[in-house]
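Reading through the structure tokens given below for one structure.
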Amino acid sequence: MHDGNFRPAAYFGPMTLSLLHRLATTQLPVSLTEGRDVDAVRMLTLAGHVQAVIPRPVRTLVGYHQPPATVTAITPLGRQMIERFPRETEAA
């Protein structure tokens, strides 16, 4: 639940941008299994920066299991983000 000030763009932080840079140097498609990577892929997909298949979590006896998210492409908007916001080491 959230209040009226919820802004999904506010969650697009350094971790998400770092993943976008990692994806740019990786042969696609690629599957990501770590929870924080899957969450970052969700944000990148919502922002229109990548195309991905993100299965719904599966309920288990002890909670939920998140199947891997598969990134199939970086969109032109995602490429613009990479150019506009280079990695910290590239910017220095």
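What follows is calculated from the coordinates using simple rules that are stated; it is not laboratory data. Just so you know, these numbers come straight off a predicted model, no measurement behind them. Cβ: placed from backbone, ideal geometry, glycine included. Neighbour counts: every protein chain shown.
Miscellaneous remarks
- Of the GluC sites (Glu not before Pro) found in the stretch 10-92, those that fall in a DSSP loop while having at most 12 other beta-carbon atoms within 10 Å are Glu34.
- For the peptides 61-68, 42-49, residues were scored by their other Cβ atoms within 10 Å and the scores averaged per peptide; the highest-first order is 42-49, 61-68.
- Taking amide H positions as modeled 1.01 Å from N, with prolines and chain starts lacking one, the residues under 5 Å from Ala52 and 5 or more places away or on another chain are Thr72.
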